[in-house]
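The values are calculated or read from the model by the stated rules, or taken from the named source; none is laboratory data. Since the structure is predicted, the reported quantities are computational estimates derived from the model, not experimental observations. Positions of Cβ are generated from backbone atoms using ideal geometry, with glycine treated the same way; all protein chains shown enter the neighbour counts.
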Amino acid sequence: MSITSGITNSHFIGLKNLHVAKLVSDDATGATYDEFISMPEITQINIEPANQTATLYADDQSVDSANTVSQYKITVNMAGLPLEYKAFLLGHDFKNGVMSASKDDVAPFVAIAFESMKSNGKVRYSKFLKVKFSEPKENPQTKGESIKYNTPSIEGTAIYRSFDGLAYKCADEEGTDFQTTTADNWYKTVDEVKKPASAS
């Protein structure tokens, strides 16, 4: 890949269109997903890489440095988190309007996708391919003299996909050679990949 100097992008001013899809399989044969579902009213998303750095010293000075990212901590803040979505993300049962959390429940791996709006109307699209969410903290409060919204958040850990080692993908409408079909298909499928069949 070669790039030119002087590339500029507009600034980020918004966030919307959170989508989630369950990871069905991820092994040596490929990675497959269910269809994306939309989870509206996202207010903020925080992505924090877990950086691991090592420095090699010799002759009383540093001579090399290595860095790796082991995983990504993802915190999603929403205006509201319906029980249907909470059950979906955490592997709980939901029936007749009631969510039941069992000790045997296992949160599934999911893919998440969203888009960040820019001040010039362009968009950056993001997609994490293997995320597992954990039970969120909750802090309901009584109503006082002034109104205060209690907005929920849920934390997850994004790791690398087993099949091909990918963690996430991004696309930007201001990027070089950006294809409009990328935006058109961003939420239609996740990023399914399968090992090519061997020639007979």
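Looking only at residues in segment 62-95 that are of a type in the set (S, T, Y) and surrounded by 13 or more Cβ atoms within 10 Å (Cβ to Cβ), the one that is farthest from V24 (Cα to Cα) is T75. Assessment of segment 64-82 against the conditions (under 28 Å from N17 (Cβ atoms) and without any contact (Cβ under 8 Å) to a residue 40 or more places away in the chain) yields at least one matching residue.
When restricted to residues that are over 25 Å from V106 (Cα atoms), without any contact (Cβ under 8 Å) to a residue 24 or more places away in the chain and of a type outside the set (A, V, I, L, M, F, W, C), segment 1-60 contains 12. In summary, T181 fulfils each of the numbered conditions (1) surrounded by 12 or more Cβ atoms within 10 Å (Cβ to Cβ); (2) farther than 30 Å from S100 by Cβ with the single exception of condition (1). In segment 134-164, the residue that is modelled with the lowest pLDDT out of those that are closer than 30 Å to D27 by Cα and among the aliphatic types (A, V, I, L, M) is I154. Among the residues of segment 130-177, those that are closer than 20 Å to L15 by Cα, surrounded by fewer than 16 Cβ atoms within 10 Å (Cβ to Cβ) and either free of Cβ contacts under 8 Å to residues at least 40 places away in the same chain or touching a Gly at 6+ places or on another chain (Cβ under 9 Å) (or both) comprise N150, T151, G175. Picking from residues in segment 21-44 that are outside any strand (DSSP E or B) and aliphatic (A, V, I, L, M), the one that is surrounded by the fewest Cβ atoms within 10 Å (Cβ to Cβ) is A28. Between I37, I3, I45, the distinction of being at pLDDT below 90 and among the aliphatic types (A, V, I, L, M) belongs to I3 only. Taken together, the residues in segment 57-84 that are at pLDDT 95 or above and among the aromatic types (F, W, Y) amount to 1. Summed over segment 113-125, the residues that are closer than 15 Å to V20 by Cβ and surrounded by fewer than 19 Cβ atoms within 10 Å (Cβ to Cβ) give a count of 0.
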